[in-house]
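Following: one structure in structure tokens, then a few remarks.
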Amino acid sequence: MRQTEIAVVGAGPAGLSAALAAASCGARVTLIDREDRLGGQLVKQTHKFFGSQKQRAGIRGIAIGTDLADRAMSDPNIDVMLECTALAYYSDNVLTLEQREKYIKMKAQRLVVTTGASEKMLPFPNNDLPGIYGAGAVQTLMNVHGVKPGQRVLMIGAGNIGLIVSYQLLQAGVGVAAVVEALPRIGGYAVHASKIRRMGVPILTSHSVKEAHGKDVLEGATVWRIGPDWQGIPGTEKYIECDVMCLAVGLSPLTELLWQAGCEMKYVGALGGHVAIHDDNLETTAKGVFVAGDASGVEEASSAMVGGRLAGYSAAASLGRCPDFQQKKAEALEQLSELRAGPTGEKIRKGLMALRGEAS
Amino acid sequence: MLEQTGVPTNEDLARTLPTEERRKKGPYAVFECFQKIPCDPCYSACRQGAVKPFADINHLPEVDLDKCNGCGTCVAACPGLAVFVVDETFSDDEALVKLPYEFVPFPENGESVACFNRDGLEVCSGRVVRVVKGKDKMATPVAWVAFPKEYCHDVRHIALKRGMA
Amino acid sequence: MRIEQHPILTFPERKKVTIYFEGRPIEAREGEPIASALHAAGIRVLRWSTEMNRPRGFFCAIGNCSSCLMEVDGVPNVRVCVEKVRDGMVVKQQKGKGVPPAVGGDEG
């Protein structure tokens, strides 16, 4: 059975940051990812990041991903296992893995779960037609595989993901028919919305998809206005021709390992679904199991990097490896606070308060 | 309302414009950034010190246009692609706008382009004066576009006319 | 439907390989997932659902959702959005749940 001090499952922004932080304290880290490359969702983020200089503002996500990946690959304290899926985590601290059809057991003194989140689905007739894809899927196809998803896309969801992917579609030479948003306002950053508006993409707030149409593949969709009761208003239907519909309707944390580890879980809508209860060291109720990034509550990449770093330091500190932990923790918490302080941080602040059982 | 449409209102935009006197002096940066989000790279990008330091990164940028020389570094730096340089003194009948352009193919110098306003409506034709590219594809190219002066507060996007059906 | 030029990304030249979809040769690029090669060739219907025989394509493109299951080289339920192409690979639309290939020497 293999041994490691800290196993980090998921090598996206949070996992990479956690592994690098723990390794910098001298801990032996095994960084595990099911893909054949490190970086998680960063490899598709062609847009420039926000935040402050500390979170690499102004740098494109792909460049941040490459930098973190290069550093992890060359770090002597980090053992990278790619094409490696974490299968299960047992109460005797054994992590089981599958790597290129080999079954591996690994005893990890500490576990950091940074498995990210997956895309939500939206119920409507014919929502299973080929051509209806998650927004992340469209990003993967375009930005990782270099394949156009189609000719004309209808985007559902005007959060940051919907707005950003719409822009990326235009950059890939794909038309965007419209962005449809159920809320009466645009949820994503105004600058992302302004960008696609001046490029001629309409944003239809208080609208939703009524039905998708097509024989074997998507050919079009009917959208309609929805009322304050979230129900569609008959008579307001509009047919939009499209061969791709992109669902950017939210993410749910990927928490299977946490459930299995016996972590106490709580449903918090604002965080995307069930999340593990954790303290401000990012340790769950299962001792020695830490969580960070979208798996701990859907937020975004800048916070994932800071949170990941904190989880890495916490895991290392719990092994006696991080003498200046209190200072590092204070710095990380301050950065997270700064990122979450403005009006756009309201959702995550409310979500975290609900998780802690505080009245908001 | 910006939150509903994605398009800044006239009230929002009025706050970004300098005095008539300043506008007649030369190019100036227009920060169409109206929402408090955690973001501050414009401060470190400006080499003229025209962007004031941020007390809180969620604050809106504060710009001293007397220090601004219209160089356009902020245009390339803004992650939201929300900054533009307007030069109403470019010529007697033309204004010049420097705007971020992250599409291929790039326009050639002198090429005629369609000019769009914030609603995505074509308002006039323009002429690309130059495209300033950064050191690699990670940088945001900035296109300098000249067009009839009366549209200087409207033109914020261009599209190539070649290959248009 | 491959992207030839992109303002930010540079797609490296990759070796061309051939996979077979329902008997048809399809040009693919070494290292890409099967679903990507099929999509580039305009093929979006990957399988037919078990109960109602509805056409299905991929959804998440990252190996989470099980929408893209196809039969590859005789093995069913392969997630083609993550499975990489190999020269000469035989890919078929899966109808229903798929039958695993017989294992071992004895035919029962």
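Starting from the stretch B:22-126, pick out the trypsin sites (Lys or Arg not before Pro) whose DSSP state is loop and whose Cβ has at most 15 other Cβ atoms within 10 Å.
On the way: sites: B:ARG22, B:ARG23, B:LYS24, B:LYS25, B:LYS36, B:ARG47, B:LYS67, B:LYS98, B:ARG118; in loops: B:LYS24, B:LYS25, B:LYS36, B:ARG47, B:LYS67, B:ARG118.
For trypsin sites (Lys or Arg not before Pro) across the stretch B:22-126 that sit outside H, G, I, E and B with at most 15 neighbouring Cβ atoms in 10 Å, the list reads B:LYS24, B:LYS25, B:ARG47, B:LYS67.
Select from A:TRP230, A:VAL180, A:ASN126 the residue farthest towards the positive end of the dipole of the stretch A:121-247; place +1 on Cβ of Lys and Arg, -1 on Cβ of Asp and Glu, and compute about the Cα centre.
Positive-end residue among those listed: A:VAL180.
What relative contact order, as a whole-number percentage, does the stretch B:1-100 give when Cα pairs under 8 Å and 6 or more residues apart are counted?
Values: 162 pairs, mean separation 27.6, N = 100.
Here the relative contact order equals 28 percent.
Quick check: the distance between the Cα centres of the stretch A:293-360 and the stretch A:217-275, to the nearest angstrom?
26
For A:ASP79, enumerate residues with amide H under 5 Å from its amide H, sequence gap 5+ or separate chain, H modeled in the peptide plane.
A:VAL29, A:THR30, A:LEU31
Taking the Cα centroid of the stretch A:277-292 and of the stretch A:133-195, what is the distance between the two, rounded to the nearest whole Å?
Centre-to-centre (Cα) distance: 34 Å.
Where the centre of each part is set by its Cα atoms, how far does the stretch A:196-215 sit from the stretch C:48-108, in angstrom?
A separation of 33 Å, based on Cα centres.
Quick one: what are the phi-derived ³J(HN,Hα) couplings along the stretch C:78-87, Karplus 6.51/-1.76/1.60 with θ = phi - 60°, whole Hz, x for glycine and proline?
With coefficients 6.51, -1.76 and 1.60, one gets 8, 6, 6, 6, 10, 6, 7, 5, 9, 4 Hz.
Under the √(5λ) rule applied to the eigenvalues of the Cα gyration tensor, what semi-axes describe the equivalent ellipsoid of the protein assembly as shown? Give them in Å, descending. Intermediate results must be reported in sequence, preceding the final value.
Values: eigenvalues 332, 206, 106 Å².
In descending order, the three semi-axes are 41, 32, 23 Å.
Determine the share of the stretch A:121-247's accessible area contributed by carbon and sulfur atoms, expressed in whole percent, with a 1.4 angstrom probe. Don't jump to the answer; show the numbers that get you there.
Values: 2150 of 4050 Å².
Roughly 53 percent of what the probe reaches on the stretch A:121-247 is carbon or sulfur.
Can you run phi through the Karplus equation (6.51, -1.76, 1.60; θ = phi - 60°) for the stretch A:62-77 and list ³J(HN,Hα) in whole Hz, with x for Gly and Pro?
In residue order, the calculated couplings are 4, 6, 5, x, 4, 5, 4, 5, 4, 5, 5, 5, 9, 7, x, 8 Hz.
With each label point set 7 Å from Cα along the Cα-Cβ vector, what nm distance links A:SER74 and C:ASP73?
3.6
List the relative contact order of chain A as a percent without decimals, with contacts defined as Cα pairs under 8 Å and 6+ residues apart.
Once divided by the residue count of chain A, the mean separation gives 19 percent.
When a/c reaches 1.5 or more, the comparison of a/b and b/c decides; with that in mind, is the stretch A:238-310 rounded, prolate or oblate per its Cα gyration tensor? Write out the running numbers ahead of the final one.
Numbers: a/c = 3.23, a/b = 2.13, b/c = 1.52.
Judged from the Cα gyration tensor, the stretch A:238-310 comes out prolate (a/c at least 1.5, a/b above b/c).
Determine the principal axes of the Cα atoms in the stretch B:46-158, then give the extent along each, sorted from largest to smallest and rounded to whole angstroms.
42, 32, 25
Taking a ≥ b ≥ c as the square roots of the eigenvalues of the Cα gyration tensor of the stretch B:66-109, is the shape rounded (a/c under 1.5), prolate (a/b larger than b/c) or oblate? Kindly include the intermediate steps, with their values, before the conclusion.
Numbers: a/c = 2.68, a/b = 1.17, b/c = 2.28.
Here the stretch B:66-109 falls in the oblate category.
Roughly how big is chain B's charge dipole about its Cα centre, with Cβ charges of +1 (Lys, Arg) and -1 (Asp, Glu), in debye to the nearest 20?
560
Give the list, by residue number, of cysteines in chain A with no other Cys Cβ closer than 4.7 Å, or say none.
So far as the 4.7 Å Cβ criterion goes, A:CYS84, A:CYS242, A:CYS246, A:CYS263 stand without a partner in chain A.
Leaving ligands, DNA and RNA out of it, work out the accessible area of A:TRP230 with a 1.4 Å probe and give it in Å² to the nearest 10.
The accessible area of A:TRP230 comes to roughly 140 Å².
For chain C, what Kirkwood radius comes out of the mean inverse Cα-Cα distance, in Å? Can you show the working numbers first?
Working: mean 1/r = 0.0677 Å⁻¹.
The Cα-based Kirkwood calculation yields 14.8 Å.
At 20 °C and 1.002 mPa s, grab the translational diffusion coefficient of chain A from Stokes-Einstein with a Kirkwood Rh over Cα pairs, rounded to a whole number in µm² per second. Let's see the in-between values first.
Details: Rh = 21.2 Å.
The estimated diffusion coefficient comes to 101 µm²/s.
Cα-Cα over 30 Å: which of A:LYS238/B:LYS98; B:LYS67/B:LYS135; B:LYS67/B:LYS161; A:LYS329/B:LYS36?
Working: A:LYS238/B:LYS98 37 Å; B:LYS67/B:LYS135 26 Å; B:LYS67/B:LYS161 36 Å; A:LYS329/B:LYS36 26 Å.
Exceeds cut-off: A:LYS238/B:LYS98; B:LYS67/B:LYS161.
Within a Cβ distance under 13 Å of B:ARG162, other residues only, what is the Lys/Arg minus Asp/Glu net charge?
-1
Sorted by accessible area with a 1.4 angstrom probe, largest first, how do B:CYS68, C:CYS65 fall? Can you show the working numbers first?
On the way: B:CYS68 20, C:CYS65 55 Å².
If we order B:CYS68, C:CYS65 from most to least accessible, we get C:CYS65, B:CYS68.
If one computes P(r) from the Cα atoms of the stretch A:121-247, what percent of pairs lie at distances over 21 Å? It would help to have the intermediate numbers written out before the result.
Numbers: 2699 of 8001 pairs.
Percent of Cα pairs beyond 21 Å in the stretch A:121-247: 34.
Give, rounded to the nearest 20 debye, the magnitude of the charge dipole that chain C has about its Cα centre when Lys and Arg contribute +1 at Cβ and Asp and Glu contribute -1 at Cβ.
On the way: 16 positive and 13 negative charges, 73 e Å.
So the dipole magnitude of chain C works out to roughly 360 debye.
Per residue of the stretch A:245-260, in order, report the coupling 6.51 cos²θ - 1.76 cosθ + 1.60 (Karplus, θ = phi - 60°) as ³J(HN,Hα) in whole Hz, putting x for Gly and Pro.
After applying 6.51 cos²θ - 1.76 cosθ + 1.60, I find 10, 10, 9, 10, 10, x, 10, 10, x, 8, 10, 3, 4, 5, 4, 5 Hz.
Give me the number: length gained by fully extending A:GLN151 to A:LYS107, i.e. 0.36 nm times residue separation minus the C-alpha to C-alpha distance, one decimal in nm.
On the way: separation 44, 0.36 × 44 = 15.84 nm, distance 4.92 nm.
Length gained between A:GLN151 and A:LYS107: 10.9 nm.
Amide H neighbours of B:GLU111 under 5 Å, counting only residues 5+ apart in sequence or on other chains, H built in-plane at 1.01 Å?
Close amide H contacts, sequence-distant or interchain: B:VAL128.
Can you list, largest first and rounded to whole Å, the semi-axes you get for the stretch A:4-55 by taking the square root of 5 times each eigenvalue of its Cα gyration tensor? Spell out each step's value before the answer.
Details: eigenvalues 100, 49, 7 Å².
For the stretch A:4-55, the ellipsoid semi-axes come out as 22, 16, 6 Å.
If one takes the accessible area of chain A alone plus chain C alone and subtracts that of the pair, with a 1.4 Å probe, what total in Å², rounded to the nearest 100, results?
Working: alone 16420 and 7520 Å², together 21020 Å².
For A against C, buried area totals roughly 2900 Å².
Just counting partner chain Cβ atoms within 10 Å, what average do the residues of peptide B:31-37 show around their Cβ? Present the calculation step by step, with values, prior to reporting the outcome.
On the way: counts 0, 4, 4, 3, 8, 6, 12.
That works out to 5 on average.
How big is the charge dipole of chain A about its Cα centre, in debye rounded to the nearest 20, if each Lys and Arg gets +1 on its Cβ and each Asp and Glu gets -1 on its Cβ? Don't skip to the answer; put the middle values down first.
Details: 37 positive and 36 negative charges, 126 e Å.
With Lys and Arg at +1 and Asp and Glu at -1, about 600 debye.
List the residues, sorted by chain then number, that are 5 or more residues from A:VAL153 or on another chain and whose placed amide H is less than 5 Å from its amide H.
Placed amide hydrogens put A:GLY175, A:VAL176, A:ALA177 under 5 Å from A:VAL153.
Considering every residue in C:52-60, what mean count of other chain Cβ atoms within 10 Å of its Cβ is obtained? All intermediate terms of the calculation are to be shown ahead of the outcome.
Working: counts 1, 0, 5, 8, 4, 10, 7, 10, 8.
For this peptide, the per-residue mean of nearby foreign Cβ atoms is 6.
Would you work out which of B:VAL63, A:GLY162, C:GLY42 lies farthest towards the positive end of the dipole of the protein assembly as shown, given +1 charges on the beta-carbon of Lys and Arg and -1 on that of Asp and Glu, about the Cα centre?
C:GLY42
Angle between the Cα long axis of helix A:160-171 and the longest principal axis of chain A, 0 to 90 degrees, nearest 10?
Value to nearest ten degrees: 70.
Run the Debye formula on the Cα coordinates of the stretch A:191-241, all scatterers equal and no solvent, and tell me log10 I(q)/I(0) at q = 0.22, 0.31 1/Å.
Each listed q maps to, in turn, -0.86, -1.04.
Over the protein assembly as shown, average the accessible area per residue using a 1.4 Å probe and give it in Å², no decimals. If you can, show how the numbers build up before the last one.
Details: 27030 Å² over 633 residues.
Per-residue value: 43 Å².
Just flag the trypsin sites (Lys or Arg not before Pro) in the stretch A:133-238 sitting in loop per DSSP whose Cβ has no more than 11 other Cβ atoms within 10 Å. Provide the component values of the computation, followed by the final result.
Details: sites: A:ARG152, A:ARG185, A:LYS195, A:ARG197, A:ARG198, A:LYS210, A:LYS215, A:ARG225, A:LYS238; in loops: A:ARG185, A:LYS215.
Of the trypsin sites (Lys or Arg not before Pro), the ones in loops of the stretch A:133-238 whose Cβ has at most 11 other Cβ atoms within 10 Å are A:LYS215.
The values are calculated or read from the model by the stated rules, or taken from the named source; none is laboratory data. Quick caveat: nothing in here was measured; it's all calculated off a predicted structure. Don't worry about glycine lacking a Cβ; one is built from the backbone with ideal geometry, like all the others, and counts go over all protein chains shown. Please note that ligands, DNA and RNA were not included when accessible areas were found on the heavy atoms of the full protein model with its side chains. Shrake-Rupley method; radii C 1.70, N 1.55, O 1.52, S 1.80 Å.
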